[in-house]
Structures are given as C-alpha cells and as structure tokens.
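The values are calculated or read from the model by the stated rules, or taken from the named source; none is laboratory data. These numbers were taken from a predicted model, which means no experiment stands behind them. Cβ: placed from backbone, ideal geometry, glycine included. Neighbour counts: every protein chain shown. Remember, those area values only see protein heavy atoms, side chains included, never the ligands or the DNA or RNA. Shrake-Rupley method; radii C 1.70, N 1.55, O 1.52, S 1.80 Å.
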Amino acid sequence: MKVGIVGAGMVGSSAGYAIALMGIASSVIFVDRNADLARAQAEDISHAVPFMSSCMVYAGDYGDLKGASVVILAAGVSQKPGETRLQLLGRNAAVFREVVAEVLRVAPNAILLIASNPVDIMTQITVRLSGLPASRVIGSGTILDTARFRSLLGRHLQISPQSVHAYVLGEHGDSEVLAWSNARAGSEPLLSIAAQMGLPLTDDVKAEIDDGVRNAAYKIINGKGATYYGIGAGLARIVKSIAQDQQDVLSVSIVTEHVAGVDDVALSIPRVVGAGGVSADLMPTLDDAEKEALHRSAALLKTAIEAVEI
Ligand code: ADP
C-alpha cells in the first residue's frame, strides 16, 4: 500500500518513520513545500528501514501521490508555546485550502488522515473542501489522548496499557472528556481492579491522571517545543488498521451527524476503522457528568466550526 504524507515536519516525519519501521506500507512519499526538507526526511528515514522492515521511502511532488490509498495531511504551522489549538485555526485552514485540492486532483480515492491542529476543526474543514464522505476523512482526534490515559492508568495499576480499555472522547484539546465510568482493565471495571490490586483510584489520583492527559501537550511543548513521537505512532496505528483492514476500535475524529445532542460536528468517540475508513461508531455508555461534558465539548467545536468560512 502506498501512503502519502503532505507535511514533512516533525509530525509528518514521525508518522512516516513509524509507518516505515512497522512495515505496514510498501511505499511512503513525502510532499512538502520545503522540498529540501521532504528529501532529507525521506533519505534519513530510508536509512533506518533496512534494520527493521522493507518499505520504499522517498520525496516527491503531488503527482507522486497518484495511487495512494491513504494520504496523511500534516502540513501547516505548529502550535506555539501558550497558543491554544483553536488559535491555530485560521493559519492552518488557509494551508488546507491549497493542499486538499492538490491531493484530490491526483488521489481522489485516498482516505485522508488529518493530523494538523486543531484536528477536529481541520477534519471538518477537509470534508467541506473535499466533498468526500465523512467516513473517509479521519482526524487523529483523541487517539493520542486515549494512549496517554491508558499509559497513566497502566502505570498506576502496574499493568500494561494495552490491557487497559479506556477512551478519551470529544475534542482533541482542552474540553476533552476522560470516560472514567466505563473504563476497564482486562474485563473488570477500573475501580474493582484498583481495589483488588490495593492501588485505589482516589480523587487525588484521578485528578493527577486527568491533568497528565489533558495538559500533556502543553508540558511537552514547554520542554521541547513540539510533540511528535506520540502522534506519529498514533497516525501509524490508524494507517495499520486501514492497510490491514483490521476493523480496530480507535478513538478518532470524523464529522458525525448526531452526537451528544449536537448535529454535524467532528469529534472523537470510539469508531471501527478498516480499509474503507470508519465503518461504525461505538458510543460508550456514560454517566451524567460525562454526558454533559461531552455535550459541552461538542457544542464548543460546533461554535468554532460555524465561525470558519470556507
Ligand atoms: P508539526 O510539528 O505540526 O509537524 P512543522 O512546522 O514541523 O509542524 O511541520 C509542518 C510542515 O508543513 C512544514 O515542513 C511546512 O513546510 C509544511 N507546510 C506548510 N504549509 C504547506 C503547504 N501549503 N504545502 C505543503 N507543505 C506545507
């Protein structure tokens, strides 16, 4: 499978690196308005491939995306320290106006995977710009927040994050909702596992985990200027589901007709992902506070997208 990546910056290159090393694509093509950067990233990553897998990695122009099954859109300007994801909106919408048209001209059948922030809004903008069905325009959404949630829960409970089943819903951003009430480890509700392990999830522990998930990006940006390895791996995980038609349940963002009392808004809930994109939504059962928080998150995104003129 051929995977295109538009935007060879930190996020795009991290995704390309993970995809190439995981051996889930036959080729990865980088396109960036900075052609030297795209070439350098492709060459550097291609030197890592022989150690791990087999994948052609190269740089090209939009014409080289012909035949791509998935195109990751990671172009744009990155979040500055202190800047909210919503403040990025105007700057990145302009980039997408140009990029989406170029991609569709050569790869009209590709699934578009949106990485640029604010990702939920950029996903909805991409549906508007492309006219593609919502199921084929997938935002990375809260896939990374969900991984952070599982990682912190796993660390507290001393079990593998892969055995924790917990999701972050709504906006990839400040209003996101950690769904505690239905979270499980193995097949057991979290509270039961925590009691059995003698590692109670007190209000303080929950608040610490909530802060660790919600504010992870801000903390990482303060320390190193940007976040990219986590989201790069998250994007590769979505590509794997598509490439291998796995029908995995992943928290990704697509434009959703009705969700939490709001119509026609892109946000994350667990969804089934395979070769055709998203095939089903799996809305979790939430308690009243979580339902209200998800409604607030959806309403906030709806207000933001309504302010965007395309
Ligand atoms: P991030 O951390 O989100 O990856 P970067 O600034 O590292 O942010 O990368 C964004 C990339 O997007 C840059 O390499 C930039 O050259 C590229 N880019 C910006 N605008 C366009 C565009 N219109 N077409 C193609 N690439 C673009």
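Pairing each residue of region 67-89 that is of a type in the set (Asp, Glu) and modelled with pLDDT of 75 or more with any residue that is open to solvent by 30 Å² or more (accessible area, probe 1.4 Å) and near the ligand (Cβ under 9 Å from one of its atoms), provided the two are 6+ apart or on different chains, yields no C-beta distance under 8 Å. Across region 187-234, the number of residues qualifying as assigned to a helix (DSSP H, G or I), out of contact with any helix residue (DSSP H, G or I) (no Cβ under 7 Å at 6 or more places or on another chain), over 20 Å from Leu169 (Cα atoms) and of a type in the set (Ser, Thr, Tyr) comes to 1. The strands (runs of 3 or more DSSP E) located wholly in region 16-82 that include 2 or more residues which are open to solvent by 20 Å² or more (accessible area, probe 1.4 Å) occupy 56-59.
Look at Val239 and say whether it is open to solvent by less than 20 Å² (accessible area, probe 1.4 Å), more than 19 Å from Glu176 (Cβ to Cβ) and modelled with pLDDT of 95 or more.
yes
Assess whether Val272 counts as being surrounded by fewer than 20 Cβ atoms within 10 Å (Cβ to Cβ), hydrophobic (A, V, I, L, M, F, W, C) and under 24 Å from Ala183 (Cβ atoms). Spelling it out, Val272 is indeed surrounded by fewer than 20 Cβ atoms within 10 Å (Cβ to Cβ), hydrophobic (A, V, I, L, M, F, W, C) and under 24 Å from Ala183 (Cβ atoms). When each of Ile45, Ile72, Ile121 is tested for being within 12 Å of the ligand (Cβ to nearest atom) and either touching a strand residue (DSSP E or B) at 6+ places or on another chain (Cβ under 8 Å) or over 30 Å from Tyr218 (Cβ atoms) (or both), the lone residue that passes is Ile72. When Met122 is tested against (1) open to solvent by 10 Å² or more (accessible area, probe 1.4 Å); (2) assigned by the TED database to the domain that holds Val11; (3) of a type outside the set (Ser, Thr, Tyr), exactly one condition is not met: (1).
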